[in-house]
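Values quoted throughout were computed directly from the atomic coordinates according to the rules given, and no laboratory measurement underlies them. Remember, predicted model here, so these are calculated numbers, not experimental data. Positions of Cβ are backbone-derived with ideal geometry, glycine not excepted, and every protein chain shown enters the neighbour counts.
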Amino acid sequence: MKELFYFLVYPGLLFAAVAGGLLSWFDRKITAWVQFRKGPPLLQPFYDFLKLLLVKETILPAKGSVILYLSAPVLSLFGATTACVLILLPVLNIQTGFSGDILVIFYLLNIPPLCYILGAMASGNPLASVGASREIKLILSYELTFILVLAAIILKADMKINLHEIITAQSENAFIGSISGVLLFIVSIFCVQAKLGLIPFDIAEAETEINHGSFIEYSGSAYAMIVLTKYIMLLTLPAFIGVLLLGGFNTSGVGIVYSILKILGVVLLLTLIRNTNPRVKIKQAMRFFFIWMNLLAIIAIVLIVFGF
Amino acid sequence: MGIKTHSFKKSLWLFHFGGASCNNCDIEILDCLTPRYDVERFGMKLVGSIRHADVLLVNGSINKKDKPRLEEIYNQAPKPIVVVAIGACGCTGGIFAEGNTFAGPVDKIIPVDVYIPGCPPKPEAILAGIVKLLNK
């Protein structure tokens, strides 16, 4: 019963959806300010979601696997919500009861992109399959980097593979206060950028090039699920960076303000990167992650071994 | 006003269909999306796929080649969808109305909700038309 509350209300689906929607508004508002516009109203992400969920018709593909097409958004929503719950529970000082949850979170964070691929392949649209193949290549390139970051953080926290212990290891000084921490922060920001599909790495979605790529066939409530997954991921991944590198979140008294500022700071960084860069080709993205980001992560690991 | 109509009116996603246009209306539509006019204030944004669209913007004269494509786009759109005919060519046919390849105007092919005349209409006129639609 308690687990159901955790999953559905706080810090699960409802909380993550509302907080993620507000973060999405923040992202769009900052984008508008960067371009000297006024930007959308505060409740815009919720209007978008409700319109897609309640008003619009859902069109099913005539030639394609309908069951897979409809279950992919729901599964991606489950993956994102479970990852969010497992990340936020240790932050709230609630023991999740098993060791090694950092690896489980790593796999859960992979579920939404994999579901996008499945849904795109099931829709039977040629542009969607182009988007899906690009998404596969993007996953192949950033996953190695991301697991190197996790390995470095586990090494830095004296081989602790529990998120709660990693947070307590940073209780005096956060990991970002060292040279290796700064390197890891840079690498993980770019990984998150690729995971969220924001602009230098929105190759799979490429609105102006392949018309939303993987999501081209989705409409109505199925697309609403995908939009909700994107909101939740926009909360989950900055929170994950905050837990791993910025010393976790304090949820008592004035600490809440600092916690919100940490998340907003990470999202602000992501938004500024997205507004000042053009879309790269898939070849360039793979080269960027395989060579440069892996190099930075390995340098960080070597620095950690020597104690910096 | 129920939550359904409210959220629909607050978040209109636009899809742009250009017929055999002289490109002036296309440029004026793009003007609406620029920082000076900024339709994202009203929650509108341009989408690339008709499956996500709530508003179908049609401009330019519709000739015999365009007609089946316009019908196809309209049938592919998830309902409810609002069709906006922009410019003199979209509303009536304009100077092309007597031409022998002309197959329009738009309202003979698909039902149209809003007409925005002008050759080309100013961005202010397009915004005024959309606002009238929202207040309807």
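Per residue of the range A:69-86, in order, report the coupling 6.51 cos²θ - 1.76 cosθ + 1.60 (Karplus, θ = phi - 60°) as ³J(HN,Hα) in whole Hz, putting x for Gly and Pro.
4, 7, 7, 4, x, 5, 5, 5, 4, 4, x, 5, 5, 5, 4, 4, 4, 5
Length gain on complete extension for the stretch A:Arg287 to A:Leu272, per 0.36 nm per residue less the alpha carbon to alpha carbon distance? Spell out each step's value before the answer.
Details: separation 15, 0.36 × 15 = 5.40 nm, distance 2.23 nm.
Stretched fully, the A:Arg287-A:Leu272 segment lengthens by 3.2 nm.
In which sequence would A:Arg274, B:Arg69, B:Arg51, A:Arg279 go, from the one with the fewest C-beta neighbours within 10 Å to the one with the most?
Details: A:Arg274 19, B:Arg69 12, B:Arg51 26, A:Arg279 16.
In order of increasing Cβ crowding within 10 Å: B:Arg69, A:Arg279, A:Arg274, B:Arg51.
Any idea how far the Cα center of the range A:103-173 sits from the one of the range B:68-112, in Å?
46 Å
What shape does the range A:53-197 take by its C-alpha gyration tensor, where a ≥ b ≥ c are the square roots of the eigenvalues and a/c under 1.5 counts as rounded, a/b above b/c as prolate, and the rest as oblate? Write out the running numbers ahead of the final one.
Values: a/c = 3.01, a/b = 1.92, b/c = 1.57.
It is prolate, given that a/c is not under 1.5 and a/b is the larger ratio.
How large, in Å, is the range B:11-135 by the Kirkwood hydrodynamic radius built from its alpha-carbon pairs?
Working: mean 1/r = 0.0699 Å⁻¹.
Roughly 14.3 Å, rounded to one decimal.
Given Cβ point charges of +1 (Lys, Arg) and -1 (Asp, Glu) and nothing else, what value in debye, to the nearest 20, does the dipole of chain A about its Cα centre take?
On the way: 20 positive and 15 negative charges, 125 e Å.
Taking the Cα centre of chain A as origin, the dipole is about 600 debye.
Taking the Cα centre of the protein assembly as shown as the origin and placing charges on Cβ (Lys, Arg +1; Asp, Glu -1), which of A:Leu89, B:Cys89, A:Met286 is farthest toward the positive end of the dipole?
B:Cys89
When the helices in chain B are scored as -39500 (n - 2.57) per DSSP H run of 4 or longer and the sum is shared across all residues, what 222 nm value do you end up with, to the nearest 500 deg cm²/dmol?
On the way: 6 runs with 51 residues, N = 136.
So the calculated ellipticity at 222 nm is -10500 deg cm²/dmol.
May I ask for the distance between the Cα centers of the range B:15-59 and the range A:234-308, given as a whole number of Å?
35 Å
Please arrange B:Lys132, A:Lys156 by counting, for each residue, the other beta carbons lying within 10 Å of its beta carbon, fewest first.
Details: B:Lys132 11, A:Lys156 24.
Ordered by Cβ neighbours within 10 Å, fewest first: B:Lys132, A:Lys156.
Can you put A:Phe240, B:Phe42 in order of Cβ neighbours within 10 angstrom, beginning with the fewest? Write out the running numbers ahead of the final one.
Working: A:Phe240 25, B:Phe42 18.
Ordered from fewest to most neighbouring Cβ atoms within 10 Å, A:Phe240, B:Phe42 come out as B:Phe42, A:Phe240.
Hey, got a sec? Which GluC sites (Glu not before Pro) in the range B:58-136 land in a DSSP loop and have at most 13 other Cβ atoms within 10 Å?
On the way: sites: B:Glu71, B:Glu72, B:Glu98, B:Glu124; in loops: B:Glu98.
Hits after loop and neighbour filter: B:Glu98.
Enumerate the lysines that A:Lys160 could reach by cross-link, defined here as Cα to Cα under 29 Å, with residues fewer than 8 away along the same chain left out.
A:Lys2, A:Lys195, A:Lys262
Most mobile of A:Gly20, A:Gly213, A:Gly124 per a Gaussian network model of chain A (Cα springs, under 10 Å)?
A:Gly124
Please state the shape class of the protein assembly as shown: rounded when a/c is under 1.5, otherwise prolate if a/b exceeds b/c and oblate if not, all from the C-alpha gyration tensor. Don't skip to the answer; put the middle values down first.
Working: a/c = 2.18, a/b = 2.09, b/c = 1.04.
The shape class here is prolate.
With +1 assigned to the C-beta of every Lys and Arg and -1 to the C-beta of every Asp and Glu, and no other charges, what is the dipole magnitude of the range B:11-135 about the Cα centre in debye, to the nearest 20? Could you put the intermediate results ahead of the total?
Values: 12 positive and 13 negative charges, 40 e Å.
Using Cβ point charges on Lys, Arg, Asp and Glu, the range B:11-135 gives about 200 debye.
Which GluC sites (Glu not before Pro) in the range A:148-251 sit in a loop by DSSP (not H, G, I, E or B) and have at most 12 other Cβ atoms within 10 Å of their own Cβ? Before the final figure, lay out the partial values.
Details: sites: A:Glu165, A:Glu172, A:Glu205, A:Glu207, A:Glu209, A:Glu217; in loops: A:Glu172, A:Glu205, A:Glu217.
Answer by residue number: A:Glu172.
Nearest 500 deg cm²/dmol is fine: what mean residue ellipticity at 222 nm does chain A get from its DSSP H runs of n ≥ 4 alone, each adding -39,500 (n - 2.57), divided by its residue count?
Working: 14 runs with 207 residues, N = 308.
Computed mean residue ellipticity for chain A: -22000 deg cm²/dmol.
Excluding residues on the same chain fewer than 8 positions from B:Lys67, give the lysines whose Cα lies under 22 Å from its Cα.
B:Lys79, B:Lys108
Compare the Cα positions of A:Phe185, B:Cys119, A:Val254 along the charge dipole of the protein assembly as shown (+1 at Cβ of Lys, Arg; -1 at Cβ of Asp, Glu; about the Cα centre) and return the one farthest towards the positive end.
It is B:Cys119.
With 5 Å bins from zero, work out the P(r) of the range A:181-303 over every alpha carbon pair and list the percent per bin.
Calculated P(r), rounded to whole percents: 2, 10, 16, 19, 19, 15, 10, 6, 2, 0.
Mind telling me which of A:Ser99, A:Ser214, A:Ser24 comes out most flexible in a GNM of chain A, alpha-carbon contacts under 10 Å?
Result: A:Ser99 has the largest fluctuation of those listed.
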